[in-house]
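Report on the structure given below.
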Amino acid sequence: MEQEPFLAVRSMASLCSSGHVIPEHSHDWRQLVYATSGAMTLTAGRWVWMVPPGNAVLVPARRIHSIRMWGEVAVRTLYFPPALDAPPLLDPECRVLAVSGLLRELILRVVETGALDERIPAHRHLLALLLDEMQAAPVTPATLPLPEDGRAALVAAEVLASPSDSPGLNELSRRYAIGRRTLERLFRNETGMSFGMWKQKARLSDAVRLLAEGRSVTDTALESGYSSVSAFIAAFKRTFGCTPGQW
């Protein structure tokens with residue numbers, strides 16, 4: 001930043017294959033990560049954010065995180081310097097934003113430009129509009145909190161490894177030598193959800209992966225453990241704000 005004091009935004013474009021993982025890291029600059037195709041899972045601390053196509057994730061400065069790609073992911077990333085004081089960049093937590101058509105074009109224009117220099121009037125106008133659209137973008141409720149308790153965290157890890165066919169609560173309680181009621185209480189206290197609701201959300205997060213990899217809605221519903229396609233569509237819409245077909 002000392003060498004580029006007028007740089008207001010820099011950008012990067014990359015193409016990642018399904019399953020590719022960007023290991024844990026952090027940035028001094030705030031980061032907006034947008035996938036024009038494919039989906040991403042971002043993990044930071046005890047939170048997991050599912051980032052479907054048409055959405056972007058805003059990562060605060062110095063937040064340690066990792067990203068996993070699902071489907072062929074065309075990533076467009078914008079970096080904002082620490083000195084840039086703007087409302088959409090001040091949230092201390094990661095946020096998944098629904099990207100409007102205008103916001104998408106603004107992101108692509110900045111990437112095409114390469115970087116924005118605040119000394120150039122056209123760049124200042126573009127940055128102001130970009131920040132306004134980021135501030136107005138709806139936040140997508142695509143977060144999955146992880147429990148902190150060691151035993152509950154092991155249960156969560158097993159479910160996330162295979163959400164559609166992981167054991168039920170009784171079997172998991174026996175396997176990890178923890179009482180059913182204790183396990184249920186830990187999930188409620190540490191994730192804000194019952195174990196059943198948490199597991200359903202984990203299944204829906206995995207459904208995003210399946211859809212990004214090209215599975216049909218029907219196949220995704222069945223592979224995600226739903227016996228009814230209509231029930232899957234309803235649950236998906238409640239979580240992500242749109243149907244799998246629209247998505």
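The values are calculated or read from the model by the stated rules, or taken from the named source; none is laboratory data. None of these values were measured; they are calculated from a predicted model. As a convention, Cβ positions derive from the backbone with ideal geometry for all residues, glycine included, and neighbour counts pool all protein chains shown. Please note that ligands, DNA and RNA were not included when accessible areas were found on the heavy atoms of the full protein model with its side chains. Shrake-Rupley method; radii C 1.70, N 1.55, O 1.52, S 1.80 Å.
A few notes on this one:
- Test: residue in the stretch 76-91 that is within 29 Å of His20 (Cα to Cα) and part of a helix (DSSP H, G or I): yes
- Any hit, the stretch 179-196, residues being under 30 Å from Ser17 (Cα atoms), touching a helix residue (DSSP H, G or I) at 6+ places or on another chain (Cβ under 7 Å), open to solvent by less than 40 Å² (accessible area, probe 1.4 Å) and modelled with pLDDT of 85 or more: no
- The numbered conditions (1) at pLDDT 95 or above; (2) over 15 Å from the mean Cα position of the chain (by Cα); (3) closer than 23 Å to Leu146 by Cα are all true for Pro92 except (1).
- Unique match (being touching a residue at least 24 places away in the same chain (Cβ under 8 Å) and in contact with a His (Cβ under 7 Å, 6 or more places away or on another chain)) among Asp117, Asp206: Asp117
- Only one entry in Glu118, Glu105, Glu112 is more than 30 Å from Thr182 (Cα to Cα) and either open to solvent by less than 50 Å² (accessible area, probe 1.4 Å) or touching a strand residue (DSSP E or B) at 6+ places or on another chain (Cβ under 8 Å) (or both), namely Glu118.
- Selection count, the stretch 51-65, where residues are within 27 Å of Glu213 (Cα to Cα) and either of a type in the set (D, E, K, R) or part of a strand (DSSP E or B) (or both): 7
- Total residues in the stretch 20-50, condition touching a Leu at 6+ places or on another chain (Cβ under 6 Å) and either farther than 22 Å from Phe240 by Cα or in a strand (DSSP E or B) (or both): 4
- Val155 being of a type in the set (A, V, I, L, M), under 24 Å from the mean Cα position of the chain (by Cα) and open to solvent by less than 10 Å² (accessible area, probe 1.4 Å): yes
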